[in-house]
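Heads up: the structure comes next, in structure tokens.
The values are calculated or read from the model by the stated rules, or taken from the named source; none is laboratory data. Bear in mind that the values here come from a model prediction, so they are computed numbers and not experimental data. Glycine gets a Cβ as well: all are built from the backbone with ideal geometry, and neighbour counts include every protein chain shown.
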Amino acid sequence: MKILKAPIDGSILLPLIIVLPFLMLIAASYMSLTVASFRLARGDQLHTHAQLGADAGADYGVEQINQDGGWTGTTGEIELINNADNRVTYEVSVADDGDQKILTSTGRSYRPANAATANSFVAIKVDLRPVESGSYSVVSGQGGLTMSNSSKITAGDVYINGEITISNSSQIGLSDNPVNVSVANQICPIPADGTYPRLCNAGENNNPISLSNSAKIYGTVKANHQSSGAGMTNPGLVASSGVTPQALPSYDRDGQKAAVTTTITGSTASCSGSQTKTWAANTKITGNVTLSNGCQINLGGNVWVSGNLSASNSSKIIVADSLGTTLPVIMVDGSTGFSFSNGSKIISNASSTGAKVITYYSTASCSPDCSDVTGTDLNSSRDVRTIHISNSSQGAQSVFYARWTKLHLSNSGQVGAVVGQTIYMSNSSTITFGTPAGGSGSTQWVVNGYRRAF
């Protein structure tokens, strides 16, 4: 029998010779991509570490400046992280820019930890402006202070004749900048009668400070008949008695009325769009005033509005430089009072002086010329809103004062000080109070801008 053998003609070798180089090329490409991806991920990680260092430096710098206004920065790099794999540092410098300061924070990341040169760095610039905080920046009457959502009071002491209710993530003070909080608990009897208001006795209204959810108070807290210190730190509740009620700040209303030299109508005083008008010192405006669509008022001194004053859509009241440090007063008598909405502003002058807005409406028959409001008239007046600042409207270095009624801040920007029978802060109002409601002040530096430095 004859055995046949298959011829070997190289038909298998040829495909291998063609395909194998492509397989090797594909494998090499995947390896290269893997290495590149690893390097990119490592670079991102180092950049993130540098960003964390820069942010930490900025926070540290703001804290140091508020402890020492003459602080000029760190002496070299300060380590934030140091382990076998990597090292993260920050370095801070501070430069004066007129009345403001510019803080520069540079974060650097090193890999390995003993590397002489940083693998990545991030530099940021933080603009800081000064605000003044006095003996009290928040003062309320018997209506008290209510804060909800994420509203905050970050500077200036707080004096409340009534009670405090704080909910959600709202807070008073900062962990590195505690404040003084005093609560008199002067809201009795409940319900109100002709003797209202008087200090509550033990058992009538215990625990006039109420905190719920994650609300916090950072500071020294004194409150009559307060036994619970929950949510209060640095140092928290230190006294449950001994807070004496204080009268709200006084003002010579009759003196301003007697000084009037010019009287104009509300329609004449109002403006809209690109209009610019001047309110001269010692002016009385009869009727309601409306400022809308970005119009501008140049405020030359004290003004008395017999009706209501409302401003909307980025309208501005600009305090004249000629006033220097003299605070002009805008008295408003109407039942709805003063309303600022949609980015409207009171703009301070070159001396960082704003304005003082006082509303005088109450439910008493003597309104708006009452020399005093007590009893059931005060109890009913405290829930009437006569000042409303909303939707990013603001008045840094300005004082807003609802004499017998409620002041409401909702989604508002920075204001100087607030005074009212009732103060209500809602939504995401994060406000740095800086202008004293009365008494001497001290400087608090707050962030005015944040940007990347290249």
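Tabulated results
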{"read-out": "Test: residue in region 105-113 that is among the hydroxyl-bearing types (Ser, Thr, Tyr), buried (at least 19 other Cβ atoms within 10 Å of the Cβ), touching a residue at least 40 places away in the same chain (Cβ under 8 Å) and closer than 30 Å to TYR159 by Cβ", "value": "no"}
{"read-out": "Residues that are modelled with pLDDT under 90 and small (Gly, Ala, Ser), drawn from region 39-55", "value": "ALA41, GLY43"}
{"read-out": "Top-ranked residue in region 70-85 [being of a type in the set (Gly, Ala, Ser) and loosely packed, with under 13 Cβ neighbours inside 10 Å; ranked as farthest from the chain's Cα centre (by Cα)]", "value": "ALA84"}
{"read-out": "Any hit, region 247-265, residues being touching a residue at least 12 places away in the same chain (Cβ under 8 Å), part of a strand (DSSP E or B), in the same structural domain as ALA311 (by TED's automatic domain parsing) and among the hydrophobic types (A, V, I, L, M, F, W, C)", "value": "yes"}
{"read-out": "Identity of the residue in region 372-388, touching a Phe, Trp or Tyr at 6+ places or on another chain (Cβ under 6 Å) and either outside the structural domain of ARG403 (by TED's automatic domain parsing) or in a helix (DSSP H, G or I) (or both), that ends up surrounded by the fewest Cβ atoms within 10 Å (Cβ to Cβ)", "value": "GLY375"}
{"read-out": "Selection count where residues are under 13 Å from LEU309 (Cβ atoms) and not β-branched (Val, Ile, Thr), scope region 285-294", "value": "4"}
{"read-out": "Residues of region 348-362 satisfying the condition of being at pLDDT 95 or above and of a type in the set (A, V, I, L, M)", "value": "VAL357, ILE358"}
{"read-out": "Residues that are surrounded by 17 or more Cβ atoms within 10 Å (Cβ to Cβ) and either more than 28 Å from the chain's Cα centre (by Cα) or modelled with pLDDT under 95 (or both), drawn from region 223-244", "value": "ASN224, HIS225, ASN234, SER240, VAL243"}
{"read-out": "Only one of VAL126, VAL62, VAL88, VAL94 that is surrounded by 17 or more Cβ atoms within 10 Å (Cβ to Cβ), free of Cβ contacts under 8 Å to residues at least 40 places away in the same chain and under 25 Å from the mean Cα position of the chain (by Cα)", "value": "VAL94"}
{"read-out": "Criterion (in contact with a strand residue (DSSP E or B) (Cβ under 9 Å, 6 or more places away or on another chain), at pLDDT 95 or above, within 18 Å of TYR401 (Cβ to Cβ) and of a type in the set (Ser, Thr, Tyr)) met by exactly one of SER315, SER267, SER339", "value": "SER339"}
{"read-out": "Residue match in region 302-313 (condition: in contact with a helix residue (DSSP H, G or I) (Cβ under 9 Å, 6 or more places away or on another chain), surrounded by fewer than 23 Cβ atoms within 10 Å (Cβ to Cβ) and among the small types (Gly, Ala, Ser))", "value": "yes"}
{"read-out": "Region 170-190, residues that are assigned to a loop (DSSP other than H, G, I, E, B) and in contact with a helix residue (DSSP H, G or I) (Cβ under 8 Å, 6 or more places away or on another chain)", "value": "ASP176"}
{"read-out": "Test: residue in region 159-169 that is touching a residue at least 24 places away in the same chain (Cβ under 8 Å), in contact with a helix residue (DSSP H, G or I) (Cβ under 7 Å, 6 or more places away or on another chain), at negative phi and outside any loop (DSSP other than H, G, I, E, B)", "value": "no"}
{"read-out": "Residue within region 270-287 that is farther than 26 Å from SER371 by Cβ, of a type outside the set (Gly, Ala, Ser), in the same structural domain as ILE318 (by TED's automatic domain parsing) and in contact with a Lys or Arg (Cβ under 6 Å, 6 or more places away or on another chain) present", "value": "yes"}
{"read-out": "Matching option when the condition is in contact (Cβ under 8 Å) with a residue 12 or more places away in the chain, within 24 Å of ALA259 (Cβ to Cβ) and of a type in the set (Gly, Ala, Ser), among ALA320, ALA364, ALA311", "value": "ALA320"}
{"read-out": "Residue count for region 266-283, restricted to those that are part of a helix (DSSP H, G or I), more than 11 Å from VAL303 (Cβ to Cβ) and free of Cβ contacts under 8 Å to residues at least 40 places away in the same chain", "value": "2"}
{"read-out": "Number of the exception - ILE190 against (1) in contact with a strand residue (DSSP E or B) (Cβ under 6 Å, 6 or more places away or on another chain); (2) among the aliphatic types (A, V, I, L, M); (3) loosely packed, with under 12 Cβ neighbours inside 10 Å", "value": "(1)"}
